[in-house]
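One structure is given below, encoded as structure tokens.
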Amino acid sequence: MRNAEEFRTGLTLKAKFLVWLVIFILAMMAITYCYVINHEQTVLSQEVQLRGETICNNLATGAEELLVMKDDLGLAKLIYDTKAKNQGVVYCFVVDDQNIIWAHTDITLVNTVYKPPVGSRKISIQDNKRSVFEITVPLTVAQTKIGEAHIALSKEAITAAVTQARKGISLVTVAILLLGIASILILVSFIIGSLSIITSDIEAIGNGDLDRKILTTRRDEIGRIAYAVKAMAVKLKKANQELIEKERMKREMQIAKEIQQALLPRAKPNVPGFLVDSYYQAATEVGGDYYDFIEIDSQHSGIVIADVAGKGVGGSMIMTMLRSLMRAEAQKNVSPRDTLSALNLILSRDIPEGMFITLFYIVADFNTNEISYCCAGHNPAYLFIPGDDRLIVLKPEGLPLGIGLFEKKDFETRLKEEKRIVQPGDTVLLYTDGVTEAMNTNHEQFGVKRLETLIRQNGRLSPDKFQAVLKSEIQLFTGAAPQSDDITFVILQKK
């Protein structure tokens, strides 16, 4: 069964126009050929010549500036348009003051030397044996001749025009015109009536009335226009609704980004005896990476970096929850292992199924220069000792937080805490996998080896300079490739 909304094609508007036009022209020609008057051939020839001079003057006016600028493409378009828009022009061209042809309707003559005919300006075209009447107008700039514009009118066209002109005006012609006007009025009324209604409908839709009802029973082009406008209104309404929803989501994402930015450290922390710097760049508007500096007591500070499994709003919300819990639990003791055990107990009950958190946590003791650290399934940290140019991988055993498959006892059993004494100049780097897994346009990863080489080469720099180098190297490596994951790293250096 045919859909009631489906457009059905009938006799096209073009066909209707052709039928009316053929009838009108045949009737007009039949009557006109019966009633003719003679017009003076000389007068009409003068009119044709005047028309040719007007065309040539227009060509000269347009060509002067183009010839001065030596714009051969512009000249070519100008002479092409002159011939195309003026019936009876056989050819036209433009030469400079050296008679070099810059543009010609016959492109094979461009850049050749033009040889003016001797005597009469009527010359013969060899390819079709037609006589032409050539008209020349000089091109002048500041009263200095810089070239010439030439056009050639067909003698045959003049003869045809004279013959046509002999079919003059008579009383019967007036009758033909009246008949033609009446026919055109009927035809226009038939077309414009529907077009006026559709125009009003389009204007209403353009003004925001997307529920406008467009009714038509026509099955020609006018009906197709009405049908297309109706379909356009439906699509516009849908697109408008989607745009409003996208704007709402964009605003909400912006608010979430602002909240997340407010939760991350805004300035470098004051960790006695240490220099600290960091870098964070989310892959989307909001990210799932987290880092923080926690003042535990007057003798200890905590440095934490974490990666929530997932990006976007979900990862951001988990990151926000992690920040609050981490700060609360870190204040209670100076043991990274005890802090993460308590944190996991809470997260395993509240975190959504399928999500988890990897985390590396360091507690620095200002008095003893000792760092204690735990790794909950996170990327290893690096300790660079410049004294003997050693790079040590810090990777104590530990499971990710919040998986829920492990009981509290299992998590605590497998979570190890390690301690190290750091000396002046020693540098610790914490990072998320967005650093080593950053990809370039060839889908190659930045990789652990490249990161370790970079640490060895730049580990003696101050944290702020090291941060700038590492960030620059990642950006240089990835180039124009889109960022696939959040990139976060923290640098801790003993003064």
Qualifying residues in the range 89-113 (those that are of a type in the set (D, E, K, R) and either modelled with pLDDT under 90 or part of a loop (DSSP other than H, G, I, E, B) (or both)) - the one farthest from A60 (Cα to Cα): D106
Does any residue of the range 57-72 turn out to be more than 27 Å from Q143 (Cα to Cα) and not in a helix (DSSP H, G or I)? no
Among (1) more than 18 Å from V276 (Cα to Cα); (2) surrounded by fewer than 17 Cβ atoms within 10 Å (Cβ to Cβ); (3) not hydroxyl-bearing (S, T, Y), where does E295 come up short? (1)
Would you check if there is a residue in the range 426-443 being aromatic (F, W, Y), more than 19 Å from G302 (Cβ to Cβ) and in the same structural domain as S348 (by TED's automatic domain parsing)? no
Out of (1) modelled with pLDDT of 90 or more; (2) in contact with a strand residue (DSSP E or B) (Cβ under 9 Å, 6 or more places away or on another chain), the one D81 does not meet is (2)
How many of the residues in the range 327-351 are touching a Gly at 6+ places or on another chain (Cβ under 6 Å) and under 16 Å from H300 (Cβ atoms)? 1
If I filter the range 57-100 down to residues being touching a His at 6+ places or on another chain (Cβ under 9 Å) and within 21 Å of F133 (Cα to Cα), which single residue comes out as surrounded by the most Cβ atoms within 10 Å (Cβ to Cβ)? V94
Candidates I371, I318 - the one that is assigned to a strand (DSSP E or B) and either in contact with a helix residue (DSSP H, G or I) (Cβ under 6 Å, 6 or more places away or on another chain) or surrounded by 18 or more Cβ atoms within 10 Å (Cβ to Cβ) (or both): I371
Any residue at all in the range 302-309 that's assigned by TED's automatic domain parsing to the domain that holds H378 and surrounded by fewer than 16 Cβ atoms within 10 Å (Cβ to Cβ)? no
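Which of the following residues is more than 28 Å from the chain's Cα centre (by Cα), modelled with pLDDT of 75 or more and exposed (fewer than 13 other Cβ atoms within 10 Å of the Cβ): R266, R323? Even if it seems obvious, please write down each step before you answer.
Values: R323 fails: exposed (fewer than 13 other Cβ atoms within 10 Å of the Cβ).
Answer to the selection: R266.
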Residues that are in contact with an Asp or Glu (Cβ under 8 Å, 6 or more places away or on another chain), exposed (fewer than 15 other Cβ atoms within 10 Å of the Cβ) and modelled with pLDDT of 95 or more, drawn from the range 389-434: K416, K419, I421
(1) assigned to a helix (DSSP H, G or I); (2) crowded, with 17+ Cβ neighbours inside 10 Å: which one isn't true of A376, the others all being true? (1)
What is the residue count in the range 463-488 for residues that are surrounded by fewer than 15 Cβ atoms within 10 Å (Cβ to Cβ) and either at positive phi or polar (S, T, N, Q) (or both)? 3
Quick one: would you say I362 is of a type outside the set (D, E) and out of contact with any Phe, Trp or Tyr (no Cβ under 8 Å at 6 or more places or on another chain)? no
Does T140 meet the test of being surrounded by fewer than 12 Cβ atoms within 10 Å (Cβ to Cβ), at pLDDT 85 or above and either part of a loop (DSSP other than H, G, I, E, B) or out of contact with any Ser or Thr (no Cβ under 9 Å at 6 or more places or on another chain) (or both)? no
Which count do you get for residues in the range 331-363 that are under 24 Å from I491 (Cα atoms), without any contact (Cβ under 8 Å) to a residue 40 or more places away in the chain and under 48 Å from the mean Cα position of the chain (by Cα)? 0
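The values are calculated or read from the model by the stated rules, or taken from the named source; none is laboratory data. Since we're looking at a predicted model, the values are computed, not measured. Every residue, glycine as well, gets a Cβ built from its backbone with ideal geometry; the counts of neighbours run over all protein chains shown.
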